[in-house]
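The structure appears right after this line, and notes come after that.
The values are calculated or read from the model by the stated rules, or taken from the named source; none is laboratory data. Because the structure is predicted, anything quoted here is derived from the model rather than measured. FYI the Cβ positions are ideal-geometry reconstructions off the backbone, even for glycines, and counts take in every protein chain you see. With ligands, DNA and RNA removed, areas are computed over all heavy atoms of the protein, side chains included. Shrake-Rupley method; radii C 1.70, N 1.55, O 1.52, S 1.80 Å.
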Amino acid sequence: MNTKESFITHGENLLKKVKELIAEGNVRKITITDKAGKEIMSFPLTFGVVGALVAPIFAAIGAAAALLGECTITVERDEDEPKKEA
């Protein structure tokens with residue numbers, strides 16, 4: 001099951017927030033939109049994405065952050081399914 005969560009931030013905090021979200025580890029997809037609701041970028045994350053694979057994403061987010069004022073980060077997360085007891 002997936003859940004969505006949104007955060008409003010300013011461009012200068014965008015990269016920091018995305019790094020925090022990726023470090024949490026249960027993020028499936030991140031979408032960044034401007035304050036008018038226009039999608040700026042969207043990227044899927046798979047379990048175990050690390051190091052050099054994330055660097056291009058961070059570079060793109062850094063470039064977008066320089067151009068954006070207020071923006072919204074929408075996070076799609078994986079939720080662990082409840083364990084069934086026997």
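Hey, G37 hits all of (1) farther than 19 Å from N13 by Cβ; (2) modelled with pLDDT under 80 but one; which does it fall short on?
(2)
Starting from segment 1-28, keep only residues that are more than 16 Å from S42 (Cβ to Cβ) and of a type in the set (G, A, S), then list their pairs with residues that are open to solvent by less than 40 Å² (accessible area, probe 1.4 Å) and modelled with pLDDT of 85 or more whose Cβ atoms are within a distance under 8 Å, requiring at least 6 positions of separation or different chains.
So the pair list comes out as G11/C71.
Is it the case that A52 is modelled with pLDDT under 80 and either assigned to a helix (DSSP H, G or I) or in contact with a Leu (Cβ under 7 Å, 6 or more places away or on another chain) (or both)?
yes
Which ones in segment 4-21 are open to solvent by less than 100 Å² (accessible area, probe 1.4 Å), of a type outside the set (D, E, K, R) and out of contact with any helix residue (DSSP H, G or I) (no Cβ under 7 Å at 6 or more places or on another chain)?
Selection gives S6, H10, N13, L21.
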